[in-house]
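Chemist: Dropping the structure in here first, questions after.
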Amino acid sequence: MKKTIALLAAVSMAMSLAACGGSGASSEASSEASSAPASSAAGETSSAAEEAPAESTGASVEGKTVAFIPKLTGNAFFEAANEGAQKYAADWGITVDYTGSANAAVADQVQVINTAVASGADAICISTVDAAGVSDALKAATDAGVAVVTWDSDAQPADRTLMVSQGTPEVLGRMLIDMACAGLEQRGIDPKNDEVTYCWHYSQATVTDQNSWQVAGEAILKEEYPNWTNVAPDNYYSEQDAEKAITIGEAVLAAHPDIDVIICNDSTALPGQLQAAENKGYNQENITITGFASPNAIKEYCSNGTLYNWGLWDCGVQGGMGCYLAAYMAAGNTVKVGDVINIPGIGDCEVLPNDSIAEGAATADTNNGVVLLPETSVYTAENMNDYNF
């Protein structure tokens with residue numbers, strides 16, 4: 001499977017520059033770029049390959065204040081994103097106010113949004129718990145003159161200007177399936193021909209990004225791996241609660257003690273499921289658990305031999321991009337699909353249509369669209385210590 005990942009990385013890395021390229025957002029050779037397939041998913045050819053869109057520097061972001069809102073505080077992924085955003089903010093001359101709730105709850109996030117508006121923030125950069133649940137609050141923020149940008153987990157496209165996405169559902173769904181296949185192969189299981197049982201464990205069905213990856217992954221399995229059987233079609237959800245992730249993880253193993261694969265497309269579910277596996281005596285030789293989480297959150301489990309691989313993207317770069325673009329929109333800049341925005345220290349990023357990440361999603365003529373991260377990475381015992389977030 002390493003050959004598969006390496007091939008995907010080589011192709012994707014070459015293509016990724018079409019959507020975002022530059023100086024600060026790179027990862028190792030084992031990474032898979034998540035940006036380039038977005039334009040093909042929308043039925044388009046990358047405009048960078050056909051013509052050079054005009055680069056836009058725009059009005060200065062200096063002095064702007066951005067309320068940087070995670071799904072929840074205390075989670076390694078979101079804390080690392082904040083660290084990255086703060087580092088970049090110092091260079092850009094903007095203030096990033098990291099503000100959120102320890103609970104991934106709609107009511108809590110609505111309150112955080114309302115407080116940010118009342119406190120005089122120029123912009124909001126938010127990873128939503130539930131796109132529909134925070135819709136009214138984001139509309140009210142826009143009406144109050146606050147620029148709204150999303151990152152990690154999108155709002156409804158009409159409720160924000162730009163979205164900084166880690167990749168298209170197809171790319172990230174493919175990445176999850178490829179990692180699962182790699183874990184099976186190192187156990188001597190043929191993912192193409194052997195019977196494989198699996199399930200999904202993540203936060204909740206209302207989380208836009210995670211749900212879209214699961215749907216894309218299921219489509220890949222249906223088409224390419226008819227020998228795989230989903231033993232829990234309704235999925236397991238642990239609501240981004242660290243303790244619940246362990247409890248749910250143990251419930252998965254109790255209900256399906258011989259399961260082959262558990263895919264955790266959530267940075268809270270993955271460590272919880274791994275801890276549950278250790279509690280029950282499982283390791284990478286008798287179960288394949290994989291998913292998305294920061295390297296530092298999973299290194300210990302990998303060192304213990306509990307899993308073979310997992311993946312993510314540079315969440316510090318993603319946090320920085322989101323906050324810069326929020327300040328950029330708050331500065332009064334106007335963008336449209338095809339524009340290229342220069343983000344200092346990160347690179348040139350092209351604005352793509354909303355349907356690059358959500359099939360059928362409309363895109364407004366101006367100040368609406370998607371910007372993609374340049375790369376994603378797969379971690380194993382061989383390279384995990386090359387990363388520190």
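The values are calculated or read from the model by the stated rules, or taken from the named source; none is laboratory data. As the structure is a computational prediction, the values presented were derived from the model and not from experiment. FYI the Cβ positions are ideal-geometry reconstructions off the backbone, even for glycines, and counts take in every protein chain you see. Remember, those area values only see protein heavy atoms, side chains included, never the ligands or the DNA or RNA. Shrake-Rupley method; radii C 1.70, N 1.55, O 1.52, S 1.80 Å.
Chemist: Could you grab me the full set of residues in the stretch 191-209 that are under 25 Å from Thr128 (Cβ atoms) and part of a loop (DSSP other than H, G, I, E, B)?
Modeler: Of everything in the stretch 191-209, those that are under 25 Å from Thr128 (Cβ atoms) and part of a loop (DSSP other than H, G, I, E, B) turn out to be Ser203, Gln204, Ala205, Thr206, Val207.
Chemist: Also, quick follow-up: Return yes when Ala326 is more than 21 Å from the chain's Cα centre (by Cα) and of a type in the set (A, V, I, L, M, F, W, C) and no when it is not.
Modeler: No.
Chemist: Then there is this: For the stretch 306-356, give me the residue count where each residue is in contact with a helix residue (DSSP H, G or I) (Cβ under 7 Å, 6 or more places away or on another chain), closer than 21 Å to Ala81 by Cα and among the polar types (S, T, N, Q).
Modeler: Adding up the residues that qualify gives 1.
Chemist: Please list, ordered by residue number, the strands (runs of 3 or more DSSP E) wholly in the stretch 210-291 having 1 or more residues that are at pLDDT 95 or above and open to solvent by 60 Å² or more (accessible area, probe 1.4 Å).
Modeler: 228-230
Chemist: If I go through the stretch 68-113 residue by residue, how many of them are among the hydrophobic types (A, V, I, L, M, F, W, C), outside any helix (DSSP H, G or I) and in contact (Cβ under 8 Å) with a residue 60 or more places away in the chain?
Modeler: 5
Chemist: Let me ask you something else. Is it the case that Gly322 is small (Gly, Ala, Ser), open to solvent by less than 10 Å² (accessible area, probe 1.4 Å) and in contact (Cβ under 8 Å) with a residue 40 or more places away in the chain?
Modeler: yes
Chemist: Determine which member of the set Asn367, Asn342, Asn333 is part of a strand (DSSP E or B) and of a type outside the set (A, V, I, L, M).
Modeler: Unique residue meeting the criteria: Asn342.
Chemist: Additional query: In the stretch 364-385, which residue that is more than 30 Å from Gly93 (Cβ to Cβ) and more than 20 Å from the chain's Cα centre (by Cα) is surrounded by the fewest Cβ atoms within 10 Å (Cβ to Cβ)?
Modeler: Among residues in the stretch 364-385 that are more than 30 Å from Gly93 (Cβ to Cβ) and more than 20 Å from the chain's Cα centre (by Cα), the one surrounded by the fewest Cβ atoms within 10 Å (Cβ to Cβ) is Asp365.
Chemist: Going through Asp348, Asp314, Asp355 one at a time, which residue ends up being open to solvent by 10 Å² or more (accessible area, probe 1.4 Å), farther than 19 Å from Asp159 by Cα and under 19 Å from the mean Cα position of the chain (by Cα)?
Modeler: Result: Asp314 is the single residue among Asp348, Asp314, Asp355 that is open to solvent by 10 Å² or more (accessible area, probe 1.4 Å), farther than 19 Å from Asp159 by Cα and under 19 Å from the mean Cα position of the chain (by Cα).
Chemist: Can you report the number of residues in the stretch 158-174 which are aliphatic (A, V, I, L, M), under 12 Å from the mean Cα position of the chain (by Cα) and open to solvent by less than 10 Å² (accessible area, probe 1.4 Å)?
Modeler: Going through the stretch 158-174 one residue at a time, the tally reaches 3.
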